Amino acid sequence: MISTEVKELLKDKMAILSQNDKKDICLVGPIHLPVQLDDQVIHFQWYTWILLEDTLSSKEDILDSLPSMNLASLQQSSVLVYGDFEQTDNALIRMHSICHTGDIFGSKRCDCGYQLRQSMRMIVENKAGALFYLANHEGRGIGLFSKSFAYLLQQEGLDTVEANHALGFADDIRSYEEPIRVLQFLRSKPVTLITNNPKKLDALKQYGLSADQHIPLWGDISDFNKDYLETKVQKSGHIPAKKLSGTSI
């Protein structure tokens, strides 16, 4: 359950847009989003919105229903395969959680856009591999709309884990059952996973992933995402990165 203090903070950033004979829209924002655009960091303001069901008539109703709305499941996943993925002995895979802000806009609040593109480069250089783009993994499984609230809480000083908990979610609710079933259809030989998180490899193995090793992937570390990356190391068990660009994670 979301606390009264958190609700009051978030309701100030919500707007209900009403129009005759149409479903209401809940708009959330603005949220500060530093974006790498070519050789500049441009500071944007980011908003998200959803179309509301008739049962959600107030901001409080929306916040109370947030953990049960299952917003992340309304999208579809895909996989990008390169080379002779089925037969090559050494193949790399990346289980990439969709990040609307990082992958599309180039947000500097995380390193997801860099990891997406660098994983593709690594797969091509390896001559075989697959990148799974997991659309229901946004915000570690809470969905884009919920992630916007988590970002607002992070702007108030909470870290990634604390923000998810404050909204009534677990730290990480992603499931890998579906992509593992697809992987097993595409390839029976072992693979090497591109990830910084040994726990992620263990979780994937529980679903039947045939993998013995993983390759860390760090980069694009900046003042904008330093705390985010440190939280991953300290609270989520990620492998610490070597010192990069004057910043140690």
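The values are calculated or read from the model by the stated rules, or taken from the named source; none is laboratory data. This is a predicted model, so every value here is computed, not measured. All Cβ positions, glycine included, derive from the backbone under ideal geometry; neighbour counts span all protein chains shown.
Here is how the numbers come out for the structure above:
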quantity: Answer from I50, I93 - the residue that is within 21 Å of the chain's Cα centre (by Cα), of a type in the set (A, V, I, L, M, F, W, C) and within 28 Å of T195 (Cβ to Cβ); calculated: I93
quantity: Matching residues in the stretch 174-205 - criterion: being closer than 24 Å to E86 by Cβ, modelled with pLDDT under 90 and hydroxyl-bearing (S, T, Y); calculated: Y176, T195
quantity: Qualifying positions in the stretch 25-61 - touching a residue at least 24 places away in the same chain (Cβ under 8 Å) and among the β-branched types (V, I, T); calculated: I25, V28, I31, V35, V41, T48, I50
quantity: Flag for S68 being at pLDDT 90 or above and of a type in the set (S, T, N, Q); calculated: no
quantity: Inter-residue pairs, beta-carbon under 9 Å, first over 15 Å from P216 (Cβ atoms) and in the stretch 92-114, second of a type in the set (S, T, Y) and in a loop (DSSP other than H, G, I, E, B), 6+ apart; calculated: I98/S77; K108/S222
quantity: Qualifying residue in the stretch 106-116 (condition: under 30 Å from P179 (Cα atoms), of a type in the set (F, W, Y) and either part of a helix (DSSP H, G or I) or touching a Gly at 6+ places or on another chain (Cβ under 6 Å) (or both)); calculated: yes
quantity: D103 being of a type in the set (D, E), under 22 Å from P179 (Cβ atoms) and surrounded by 15 or more Cβ atoms within 10 Å (Cβ to Cβ); calculated: yes
quantity: Within the stretch 19-36, considering residues that are more than 19 Å from the chain's Cα centre (by Cα) and surrounded by 11 or more Cβ atoms within 10 Å (Cβ to Cβ), the one farthest from D111 (Cα to Cα); calculated: K23
